Amino acid sequence: MRLNADETTVGGLLGDGMIWYPYEWCLSTGDCFTVGPWDCDVGIPLLPEQCCKMIQDSVPNEDMNGNYLECFTEFPIGSPSNPVNPGRVAIHTDAAGIVVHIPKNE
């Protein structure tokens with residue numbers, strides 16, 4: 001879960017509080033489905049613990065490998081735990097590997 005810039009609440013990748021899970025959740029072979037997205041900004045941005053509980057409550061069953069959804073926090077670039085690093089260059093690509101934005105230091 002991407003936190004906001006002051007690292008207190010969930011901000012999401014786009015700053016809108018939305019959390020996305022990029023894979024299908026499979027209970028068995030052939031029984032796979034999309035989970036999420038989850039809105040962790042319901043008028044008031046949720047704390048990471050609140051957002052995680054909402055996500056885990058919405059997917060209570062383990063997958064076919066015995067795994068449950070776990071929550072991990074990620075700090076946005078420029079936040080206290082992930083300051084801008086002039087030696088780090090971000091190059092954003094699309095699914096085909098084509099650069100879609102001008103590379104920039106982050």
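The values are calculated or read from the model by the stated rules, or taken from the named source; none is laboratory data. Because the structure is predicted, anything quoted here is derived from the model rather than measured. Glycine gets a Cβ as well: all are built from the backbone with ideal geometry, and neighbour counts include every protein chain shown. Surface areas here come from the heavy atoms of the whole protein model, side chains and all, with no ligands, DNA or RNA. Shrake-Rupley method; radii C 1.70, N 1.55, O 1.52, S 1.80 Å.
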- Message: Being touching a strand residue (DSSP E or B) at 6+ places or on another chain (Cβ under 9 Å), among the aliphatic types (A, V, I, L, M) and either in a loop (DSSP other than H, G, I, E, B) or under 22 Å from residue 55 (Cβ atoms) (or both) is the filter here; which residues of the range 71-106 pass it?
- Response: 77, 84, 91, 100
- Taking residue 68 and the conditions (1) assigned to a helix (DSSP H, G or I); (2) open to solvent by 90 Å² or more (accessible area, probe 1.4 Å), which numbered condition does it fall short on, given that it satisfies the others? (1)
- Message: Tell me whether the range 48-59 contains one or more residues that are under 22 Å from residue 14 (Cα atoms), in contact with a Ser or Thr (Cβ under 7 Å, 6 or more places away or on another chain) and either open to solvent by less than 70 Å² (accessible area, probe 1.4 Å) or of a type in the set (Phe, Trp, Tyr) (or both).
- Response: yes
- Query: In the range 1-59, which residue that is polar (S, T, N, Q) and assigned to a strand (DSSP E or B) is farthest from the chain's Cα centre (by Cα)?
  - Reply: 28
- Message: Among the residues that make up the range 20-39, is at least one of them within 17 Å of residue 81 (Cβ to Cβ) and exposed (fewer than 12 other Cβ atoms within 10 Å of the Cβ)?
- Response: no
- Cβ-Cβ under 7 Å pairs, at least 6 apart or on other chains, the range 3-29 side at positive phi, far side among the hydroxyl-bearing types (Ser, Thr, Tyr): 7/79; 7/81
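Can you tell me which of 99, 42, 84 is without any contact (Cβ under 8 Å) to a residue 40 or more places away in the chain, β-branched (Val, Ile, Thr) and open to solvent by less than 90 Å² (accessible area, probe 1.4 Å)?
On the way: 42 fails: open to solvent by less than 90 Å² (accessible area, probe 1.4 Å); 84 fails: open to solvent by less than 90 Å² (accessible area, probe 1.4 Å).
From the options 99, 42, 84, the qualifying one is 99.
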